[in-house]
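For reference, the structure discussed in these notes is given below.
The values are calculated or read from the model by the stated rules, or taken from the named source; none is laboratory data. The shown structure was predicted, so the numbers you read here are calculated from the model rather than taken from an experiment. When we count neighbours, we look across all protein chains shown, and the Cβ atoms used for this are built from the backbone with ideal geometry, even at glycine. Surface areas here come from the heavy atoms of the whole protein model, side chains and all, with no ligands, DNA or RNA. Shrake-Rupley method; radii C 1.70, N 1.55, O 1.52, S 1.80 Å.
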Amino acid sequence: MIVINGKKVEIKHFPDGTQRLNIKEIIDDAYSMNYKYHILWRYEKEEEMSTLIYITRHLRNIPTTSFISLHIAYIPNARMDRIHDRGEIFTLKSFADVINWLRFDEVFVLDPHSNVSEALIDRCRKLDVRHIIQNVINQIERDDSELVLYFPDAGAAKRYADMFPKYKYCYGEKERDWDTGKIKRLNIRLNNINLLEHKTVLMIDDIISYGGSLYYSALALKDKKAKHIYAYATHTENSVLDPKNGTLIKLLNDGTVEKLFTTNSIYNSKHEKIAVANFID
């Protein structure tokens, strides 16, 4: 979904499948904003990339256009921030090249998967995710058990732990099969705590699709007798609900994980155990 200055762009198609776009009303209304355009891209499908290109190029060719910003909370291809052999395509780099070619005056992103995205995208501004996670903490913190933060790997621990120095934390060490992407095993490094027994634990990650990392993490935390387990992911793909491949959803359904908190950066489904913060209206 693409929204310009608060108005959703309707994507129509010609009989051959190519896009038919008309944003005259948006351009006419931009007079009151000194011809500044704030584009919000809430990623739903790849076709929107070409829509973004057509619209931005059109706006750039209007002499009165003074400013164009892009707000893209979830970065498509963000996971593909490295390659393991020469047959893999560095899609994040190509994505960033296209965004840079469009010459946005500012690009706002939320909780990018790694600093590679920020480095590749020109004039990139990272939005602070701290207040979103703090709101989750406020909802789950209990008087009867100490709250511990858990991160699925050392990288996530480094990214988030300093945001919340008040809380003790631990993190996972995963061993993956790089050919399949599946997790072979996961161990918990307790870091600055001795036990997880009787603790309330909030698992924190940036992106989940089927929820494999948090699934194995929750099982390991339960093994260590954590009392209450919750999950948070800034970006949750709708595939988390997949009845065949979804893993975290099994633990949500059986109560091992009490609730998953996320934003609506990409998630647009509904489940009684998934709470969605309206970061994007």
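Take the residues in the range 86-116 that are open to solvent by 40 Å² or more (accessible area, probe 1.4 Å) and of a type in the set (Gly, Ala, Ser), then tell me which one is modelled with the highest pLDDT.
Here the answer is Ser94.
Can you report the number of residues in the range 220-236 which are free of Cβ contacts under 8 Å to residues at least 24 places away in the same chain and either under 15 Å from Ala275 (Cα atoms) or in contact with a helix residue (DSSP H, G or I) (Cβ under 7 Å, 6 or more places away or on another chain) (or both)? Give the derivation first.
Step one: list which residues in the range 220-236 are free of Cβ contacts under 8 Å to residues at least 24 places away in the same chain, which gives 223.
From what is left, the residues that are either under 15 Å from Ala275 (Cα atoms) or in contact with a helix residue (DSSP H, G or I) (Cβ under 7 Å, 6 or more places away or on another chain) (or both) are none.
Looking only at that region, the number is 0.
Residue by residue, here is whether (1) on the phi > 0 side of the Ramachandran plot; (2) modelled with pLDDT of 90 or more holds:
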| site | (1), (2) |
| --- | --- |
| Ile140 | no, yes |
| Leu147 | no, yes |
| Arg176 | no, no |
| Asn191 | yes, no |
| His198 | yes, no |
| Asp205 | no, yes |
| His228 | no, yes |
| Ala231 | no, yes |
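Farther than 26 Å from Asn238 by Cα and free of Cβ contacts under 8 Å to residues at least 60 places away in the same chain: which single residue out of Pro15, Pro76 fits that description?
Details: Pro76 fails: farther than 26 Å from Asn238 by Cα.
Exactly one of Pro15, Pro76 is farther than 26 Å from Asn238 by Cα and free of Cβ contacts under 8 Å to residues at least 60 places away in the same chain, namely Pro15.
To keep it simple, each residue is scored yes or no on (1) within 18 Å of the chain's Cα centre (by Cα); (2) surrounded by fewer than 19 Cβ atoms within 10 Å (Cβ to Cβ); (3) under 26 Å from His71 (Cα atoms).
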| position | (1), (2), (3) |
| --- | --- |
| Glu118 | yes, yes, yes |
| Asp122 | no, yes, yes |
| Arg130 | yes, yes, yes |
| Ile133 | yes, no, yes |
| Ile140 | no, yes, no |
| Asp143 | no, yes, no |
| Pro152 | yes, no, no |
| Asp162 | no, yes, yes |
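What's the number of the condition Arg185 fails, among (1) in a strand (DSSP E or B); (2) under 18 Å from the mean Cα position of the chain (by Cα); (3) modelled with pLDDT under 90?
With (1) in a strand (DSSP E or B); (2) under 18 Å from the mean Cα position of the chain (by Cα); (3) modelled with pLDDT under 90 applied to Arg185, the lone miss is (2).
Please pick out the residue among Ser265, Ser239, Ser269, Ser217 that is in contact (Cβ under 8 Å) with a residue 40 or more places away in the chain and either open to solvent by 20 Å² or more (accessible area, probe 1.4 Å) or assigned to a helix (DSSP H, G or I) (or both). Don't jump to the end; show me each part of the working.
Numbers: Ser265 fails: either open to solvent by 20 Å² or more (accessible area, probe 1.4 Å) or assigned to a helix (DSSP H, G or I) (or both); Ser239 fails: in contact (Cβ under 8 Å) with a residue 40 or more places away in the chain; Ser269 fails: in contact (Cβ under 8 Å) with a residue 40 or more places away in the chain.
None of the other options fit; the residue is Ser217.
Of the numbered conditions (1) assigned to a helix (DSSP H, G or I); (2) of a type in the set (S, T, N, Q); (3) touching a Lys or Arg at 6+ places or on another chain (Cβ under 8 Å); (4) buried (at least 19 other Cβ atoms within 10 Å of the Cβ), Asn253 satisfies every one except a single condition; which is it?
Failing condition for Asn253: (4).
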